[in-house]
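Read through the structure below, which is laid out as structure tokens, and then see the notes.
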Amino acid sequence: MFFGGVMTDFTETDWAKTEFSRNYLEKADIYIVERRRMFSILRSFMSHFLSSPGVKQILDLGCGDGILTEELLQVDGSLAVTLLDGSEDMLAKARQRLAKYGDFRYIRASFQDLLEKDVLAERYAFIVSSMAIHHLTLREKTMLFKKIHALLEDGGYFVNIDVVLPPTEALDQWYMKLWQEWMEDMKSNLGVEDGPSENIIKRYKDLGENKPDTLESQLKVLKEIGFSEVDCFYKYGIFSVYGGKR
């Protein structure tokens, strides 16, 4: 995140705190509306658009515990995957999760590192991310999207699963209600005792940590950069799956 023109160091965020990130991962299916459905959309996307034979280079940005990569490996077990995250603890969890699938490349780096250093030299057929890019301002997102475009092979795809900013206050109120109802239903169904759902929503609205932008503005940026076939592939309230093709 940029404050005063400088992107905030990843180590200064809550995501660098082991306890915070682990708690989030343990309850992610509660906090993220239709999380498993969005994963199935991603698998379907890959099956449809990246079905050609041969080993494909994949990049997972802000990989967390590697669950997104695991979803893709269920479609194609021969993928060559690079996983990037700013947290060594998350990378360790990803290594543990993915050990049964083979050897992959793990890089500890923040989005700031990716933009300012030569962290990656390869080109990728598919670049994915989940619930990470919303921590960037629109200016930062634009810079990251340009980097992603440059890292893609010709004909390669980018898909992002993330939260977006509602375009109006009226929609915001409804989307927050949908979100709260989802979390309460999930906690009840799973028999999970958790803090009030309002706390999660309050955290989302903390603009010191989160910088969501409207879906429209992000799709517009992707088109301006040069992505084609830009669209929203799935949406439920503030939760969306969108991207495009180089």
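The values are calculated or read from the model by the stated rules, or taken from the named source; none is laboratory data. All values derive from a computational prediction rather than experimental measurement. Cβ: placed from backbone, ideal geometry, glycine included. Neighbour counts: every protein chain shown. These area figures cover heavy atoms from the full protein model, side chains too; ligands, DNA and RNA do not enter into them. Shrake-Rupley method; radii C 1.70, N 1.55, O 1.52, S 1.80 Å.
Beta carbons closer than 9 Å, at least 6 apart along the sequence or on distinct chains, pair a first residue in the stretch 42-70 that is farther than 18 Å from Gly244 by Cβ with a second that is in a helix (DSSP H, G or I) and hydroxyl-bearing (Ser, Thr, Tyr) for Cys63/Thr69; Gly64/Ser21; Gly64/Tyr24; Asp65/Ser21; Thr69/Tyr101; Glu70/Tyr101.
Restricting attention to the stretch 29-71, the residues that are assigned to a helix (DSSP H, G or I), open to solvent by 50 Å² or more (accessible area, probe 1.4 Å) and under 17 Å from Tyr106 (Cα atoms) add up to 0. Residues that are surrounded by 15 or more Cβ atoms within 10 Å (Cβ to Cβ) and either touching a helix residue (DSSP H, G or I) at 6+ places or on another chain (Cβ under 9 Å) or polar (S, T, N, Q) (or both) within the stretch 159-175 comprise Val159, Asn160, Ile161, Asp162, Val163, Val164, Leu165, Pro166, listed in sequence order.
Taking first residues from the stretch 84-97 that are without any contact (Cβ under 8 Å) to a residue 12 or more places away in the chain and partners that are surrounded by fewer than 23 Cβ atoms within 10 Å (Cβ to Cβ), the Cβ contacts under 9 Å between residues at least 6 apart in sequence or on separate chains come to Ala92/Tyr106.
Return yes or no: is Val192 open to solvent by 10 Å² or more (accessible area, probe 1.4 Å) and hydrophobic (A, V, I, L, M, F, W, C)? It is true that Val192 is open to solvent by 10 Å² or more (accessible area, probe 1.4 Å) and hydrophobic (A, V, I, L, M, F, W, C).
Of the residues making up the stretch 111-124, those that are of a type outside the set (Asp, Glu) and either closer than 19 Å to Ala92 by Cβ or open to solvent by less than 40 Å² (accessible area, probe 1.4 Å) (or both) number 6. Set side by side, the residues Arg95, Arg108 differ, and just one is in contact with a helix residue (DSSP H, G or I) (Cβ under 6 Å, 6 or more places away or on another chain), open to solvent by 70 Å² or more (accessible area, probe 1.4 Å) and farther than 27 Å from Glu216 by Cα, which is Arg108. Testing Tyr175 on (1) under 27 Å from Val55 (Cβ atoms); (2) in contact with a Gly (Cβ under 6 Å, 6 or more places away or on another chain), one condition comes back false. Which one is that? Every listed condition holds for Tyr175 apart from (1).
Only residues that are open to solvent by 30 Å² or more (accessible area, probe 1.4 Å) and at pLDDT below 90 were counted across the stretch 196-223, and they come to 10. Does Val128 qualify as being touching a strand residue (DSSP E or B) at 6+ places or on another chain (Cβ under 9 Å), more than 16 Å from Val33 (Cα to Cα) and hydrophobic (A, V, I, L, M, F, W, C)? It is true that Val128 is touching a strand residue (DSSP E or B) at 6+ places or on another chain (Cβ under 9 Å), more than 16 Å from Val33 (Cα to Cα) and hydrophobic (A, V, I, L, M, F, W, C).
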